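Here is the structure we will look at.
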Amino acid sequence: MVLDPQVKALLDQLKVMGAPPLEQLPPEQARQLFRMLAGSREEKEAVHQVTNQKIPGPDGEIPIRVYKPEGAGQHPALVFFHGGGWVIGDLDTHDNVCRALTNLAGCAVISVDYRLAPEHKFPAAVEDSFTALEWAAEHAEDLNIERGKIAVGGDSAGGNLSAVVAMMAREKGMPSLVCQLLFYPATDFTADTESMRENAEGYFLTRESMNFFRNHYLNNEEDANNWYASPSLAENLSGLPEAFIITAEYDPLRDEGEAYAHRLKEANVPVTLKRYDGMIHGFLSMASQIEQGKTALQEAAHKLRSSFNKQE
């Protein structure tokens, strides 16, 4: 399929802005640019309650943001990990996605501001993410969430972290998860895929930007083979919560996400895989300008509701 007209218009707009490629910037400047791009997208969607707090982490406190929908009683919950290549991204860059999922799925969303590389290289982000997931389950009563209805989810690097913490929870036997939402996840640092070659440049996320993220996140080549970094390389994927995986046609990470979906299916994990034709990496965060981004958020929320309802 050809590139979606709304996506083309957005890419043309970014060209006019003349912003330098992220990989040509020091990490802190890349973060500032990413925040600027995210902040320019839309007005904030109203949510019943939003609170910021900090929780104990492996190396200092971890900031989190808790979104609550309307309604009395305990809510199911999504623990969300933002994208940004483990280097950029924060609570604010993905605020719009978390607000939309809170309202659409009628669940609490706990967004996690894990430590970023290169200041904190692998596996710092993994450690923070699992710590936050455990904390949410342990403090379910305080958060007014249902301990038996917790899901994980995230986009790109956040999809990677979601897949990894789901396996860590299975290994540890807790917390019990009902679903993993993986939006165009990075799943294999060792892969040489057709989509990485086809979509190497010109579609927002590029091969060079992925190299930029990889070099800042990983300590060495050996890390790439660790399933904490490359969940597709885990030997055993059985016993994981059902997965909803979204990929985009013009995304370098498309084939990684789809290969992971097939591996999960082979391990008898229930999987729904949806490729959005004409789309680019990050399109859910661009839902104010891309109609298919809204559709994908609605589908993800529907999947969440369905997973939560199965626990009745």
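The values are calculated or read from the model by the stated rules, or taken from the named source; none is laboratory data. Just so we're clear, the structure is a prediction, and the values are computed from it rather than from any experiment. Cβ atoms come from the backbone with ideal geometry, glycine included; neighbour counts cover every protein chain shown. In case anyone asks, the SASA skips ligands and DNA or RNA and just uses the protein heavy atoms, side chains included. Shrake-Rupley method; radii C 1.70, N 1.55, O 1.52, S 1.80 Å.
Residues in the stretch 81-99 that are open to solvent by less than 10 Å² (accessible area, probe 1.4 Å), farther than 17 Å from GLN180 by Cα and aliphatic (A, V, I, L, M): VAL87, ILE88.
Exactly one residue out of PHE204, PHE183 is open to solvent by 50 Å² or more (accessible area, probe 1.4 Å) and within 20 Å of the chain's Cα centre (by Cα): that is PHE204. Scan the stretch 239-285 for residues that are assigned to a strand (DSSP E or B), of a type in the set (D, E, K, R) and in contact (Cβ under 8 Å) with a residue 60 or more places away in the chain and the total you get is 3. Across the stretch 63-74, not a single residue is classified as buried (at least 21 other Cβ atoms within 10 Å of the Cβ) and touching a His at 6+ places or on another chain (Cβ under 6 Å). The residue of the stretch 62-88 that is nearest to the chain's Cα centre (by Cα), among those that are outside any loop (DSSP other than H, G, I, E, B), under 24 Å from LEU304 (Cα atoms) and among the hydrophobic types (A, V, I, L, M, F, W, C), is PHE81. When ASP59, ASP12 are checked against the criterion of being more than 30 Å from GLN311 (Cα to Cα), open to solvent by less than 80 Å² (accessible area, probe 1.4 Å) and charged (D, E, K, R), ASP12 stands alone in meeting it.
If only residues of the stretch 15-49 that are within 24 Å of LEU91 (Cβ to Cβ) and small (Gly, Ala, Ser) are counted, the one that is least open to solvent (accessible area, probe 1.4 Å) is ALA30. Of all the residues in the stretch 89-112, those that are part of a helix (DSSP H, G or I) and of a type in the set (D, E, K, R) number 2. Going residue by residue through the stretch 215-227, is there one that turns out to be among the hydrophobic types (A, V, I, L, M, F, W, C), surrounded by fewer than 20 Cβ atoms within 10 Å (Cβ to Cβ) and modelled with pLDDT of 95 or more? Looking for residues that are among the hydrophobic types (A, V, I, L, M, F, W, C), surrounded by fewer than 20 Cβ atoms within 10 Å (Cβ to Cβ) and modelled with pLDDT of 95 or more, one finds at least one in the stretch 215-227, hence yes. For the stretch 113-121, the criterion of being over 15 Å from the mean Cα position of the chain (by Cα), buried (at least 21 other Cβ atoms within 10 Å of the Cβ) and outside any strand (DSSP E or B) is satisfied by at least one residue.
Inside the stretch 272-285, residues that are open to solvent by less than 30 Å² (accessible area, probe 1.4 Å) and under 19 Å from the mean Cα position of the chain (by Cα) make up a count of 8.
Determine, yes or no, whether SER288 is more than 23 Å from ALA191 (Cβ to Cβ), assigned to a loop (DSSP other than H, G, I, E, B) and open to solvent by 10 Å² or more (accessible area, probe 1.4 Å).
yes
Return yes or no: is ASN160 in contact with a Pro (Cβ under 7 Å, 6 or more places away or on another chain), assigned to a helix (DSSP H, G or I) and touching a residue at least 40 places away in the same chain (Cβ under 8 Å)? Criteria met by ASN160.
Within the stretch 203-228, the set of residues being among the polar types (S, T, N, Q) and in a helix (DSSP H, G or I) comprises SER209, ASN211, ASN215.
State which residue is surrounded by the most Cβ atoms within 10 Å (Cβ to Cβ) when the search covers only the stretch 123-173 and only residues that are within 13 Å of LEU240 (Cα to Cα) and charged (D, E, K, R). So, considering only residues that are within 13 Å of LEU240 (Cα to Cα) and charged (D, E, K, R), the one surrounded by the most Cβ atoms within 10 Å (Cβ to Cβ) is ARG170. Restricting to the stretch 1-60, what's the tally of residues that are under 22 Å from GLU201 (Cα atoms), β-branched (Val, Ile, Thr) and under 22 Å from the mean Cα position of the chain (by Cα)? Qualifying residue count, the stretch 1-60: 1. Here PRO175 meets the list (1) in contact (Cβ under 8 Å) with a residue 60 or more places away in the chain; (2) in contact with a Lys or Arg (Cβ under 9 Å, 6 or more places away or on another chain) almost entirely, failing just condition (1).
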